[in-house]
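Here is the structure we will look at, set down as structure tokens.
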Amino acid sequence: MTINEQPSAAPEQARPVALITGVGRSIGIGAGIARQLAASGWDIAFTYWTPYDRRMEWGAEDGAAAAIAKELADAGARTAAIEADLTGPDAPTRIFDEAEQRLGPVTALVLSHAESVDSGLLDTTVEAFDRHFAVNTRASWLLIREYGLRFRGEPGAGGGTGTGRIVALTSDHTVGNLPYGASKGALDRITLAAAHELAHLGVTANVINPGPVDTGWMNDELREALTRGTPLGRLGTPRDTAHLVDFLCSPQGQWVNGQLLKSNGGAAS
């Protein structure tokens, strides 16, 4: 893991800190969430991993992390951009160390990273299967665990006034996409377990299925088919997902806990 160097954080924390994973492209869902939370008064630590984008068909976006960080700073947020390979089991600890050193304790953890390479039951390799579970499942568990071990916000103790937030993005796509869908299904269970096991800390945990969001990975045929299958007649946007994350992370969203929410325009599964 390498760190994108930026100026050190101010010693006094005036805004809560959100740590968002998977913010590698300016048109991605992670970037949309980061922009929305920055506008709502959060400081933002985010992770990205350029080699993943480079091996995907859309390719890497040169300078994306720096450009996103500048956008967030222009919205009033202090930022920490952290390049991290989530296949490594030590990455979550190092990410939290860097985020806390530069911005302070993390109040909200938003998991929007993903390993996603299409393959089915018969053509998925063991290496691809293990990599999907390392990134989508194991890294998510370790990030949630690290968050729980370090959380220093207002405790819950049954009073329903906790301040901590965990939000994970998932998918129900499994046919022809076995390792991605299976590893995301396991992520769902880990996140929903956190809603119960971390409740005493004052932490809520929810999962969002954003449905079909075109962030550059769809071809024209798929885009048209998915649009026809959505009652609202359009595809989702990163902003759609970001608005729900923003609500869940707000005081108004504290009563929503342990849920798998479909924010997908009514798209058929």
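Close amide H contacts of LYS262 (hydrogens built in the peptide plane, cut-off under 5 Å, sequence separation of 5 or more or a different chain): ASN209.
Taking the Cα centre as origin and putting +1 on Lys and Arg beta-carbons and -1 on Asp and Glu beta-carbons, what dipole magnitude results for the chain, to the nearest 20 debye? Spell out each step's value before the answer.
Working: 22 positive and 31 negative charges, 134 e Å.
My answer is approximately 640 debye.
With Cα atoms defining each centre, region 191-206 and region 79-105 are spaced 21 Å apart in the structure.
Rounded, prolate or oblate: which fits the chain, taking a ≥ b ≥ c as square roots of the Cα gyration tensor eigenvalues, rounded meaning a/c under 1.5, else prolate when a/b beats b/c?
In terms of gyration-tensor shape, rounded.
Per the helix-only calculation at 222 nm, which mean residue ellipticity applies to the chain, given -39500 (n - 2.57) for every DSSP H run of n ≥ 4 and division by its residues, nearest 500 deg cm²/dmol?
Working: 9 runs with 101 residues, N = 269.
Only helices count here, giving -11500 deg cm²/dmol.
The DSSP beta bridges internal to the chain are antiparallel in roughly 5% of cases. Radius of gyration (Cα atoms) of region 113-207, expressed as a multiple of 2.2 N^0.38 Å: 1.24. When you restrict to C-alpha pairs under 8 Å that are six or more residues apart and normalise by the size of the chain, the relative contact order lands at 19 percent. The heavy atoms of ASP130 offer some 90 square angstrom of accessible surface to a 1.4 angstrom probe. Relative protection proxy for 120-128, 139-147, 108-116, from highest mean packing down: 108-116, 139-147, 120-128 (other beta-carbon atoms within 10 angstrom). Largest GNM mean-square fluctuation among VAL203, VAL213, VAL17, using the chain with Cα springs under 10 Å: VAL213. Taking the Kirkwood radius as Rh and the Cα radius of gyration as Rg, region 42-156 has a ratio of Rg/Rh equal to 1.01.
The values are calculated or read from the model by the stated rules, or taken from the named source; none is laboratory data. As the structure is a prediction and not an experimental result, all values here were calculated from the model. Here the Cβ is made from the backbone with ideal geometry for all residues, glycine too, and neighbour counts use every protein chain on show. SASA here: full protein model, heavy atoms, side chains in, ligands and nucleic acids out. Shrake-Rupley method; radii C 1.70, N 1.55, O 1.52, S 1.80 Å.
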